[in-house]
Amino acid sequence: MKYRKKPVVIEAVQYVTGGAALIETFMGQQLDLLLGTDVLLIPTLESPHEANPGDWIIKGVKGEFYPCKPDIFAMTYEPAE
């Protein structure tokens, strides 16, 4: 069988180099950077995931957060009005 994803409006912010503070404000928590890099560790329901500059940080429907690569984000989401 085939299924279609239900339309859901999400909140998301794009992580840019040096923009960890913006992501921390968006998520409401302090985050860790991998030592000597711009890679943020995003706590998810499963385990911490890495977010690189350019990745989107998405707030899910239950308030959870997870990173998403820019190409997948562009194929999956469009601006809501």
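The values are calculated or read from the model by the stated rules, or taken from the named source; none is laboratory data. It should be emphasised that the depicted structure is a prediction, and the values quoted were computed from it without experimental measurement. Note that we place each Cβ from the backbone using ideal geometry, even for glycine, and neighbour counts take in every protein chain shown. The protein model used for the area step is the full one, side chains on, heavy atoms only, and it has no ligands, DNA or RNA in it. Shrake-Rupley method; radii C 1.70, N 1.55, O 1.52, S 1.80 Å.
In whole angstrom, note down how far apart the Cα centers of the stretch 27-41 and the stretch 12-26 are.
After rounding, the separation between the Cα centres reads 10 Å.
Where the accessible area of the chain is counted over protein heavy atoms with a 1.4 Å probe, how much of it, in %, is carbon and sulfur?
Of the solvent-accessible surface of the chain, carbon and sulfur hold 57 percent.
FRET efficiency for residue 21 and residue 64, Cβ-Cβ distance as r, R0 = 25 Å, nearest 0.05?
0.75
Calculate, in nm to one decimal, what residue 75 and residue 49 gain on full extension: separation in residues at 0.36 nm each, minus their alpha carbon distance.
7.3 nm
With every protein chain kept in place and ligands, DNA and RNA left out, what is the accessible area per residue of the chain? Probe 1.4 Å, answer in Å².
Normalised by residue count, the accessible surface of the chain is 76 Å².
Once Rh is set to the Kirkwood radius over Cα pairs, what Stokes-Einstein translational diffusion coefficient, in µm²/s, holds for the chain at a temperature of 4 °C and a viscosity of 1.567 mPa s?
Taking Rh from Cα pairs, D becomes 96 µm²/s.
Given 0.36 nm per residue, what is the gain on full extension from residue 35 to residue 2 after removing their alpha carbon distance, in nm?
7.5 nm
Any idea which of 20, 39, 75 is furthest toward the positive side of the dipole for the chain, if Lys and Arg beta-carbons carry +1 and Asp and Glu beta-carbons -1?
The Cα lying farthest towards the positive end belongs to 75.
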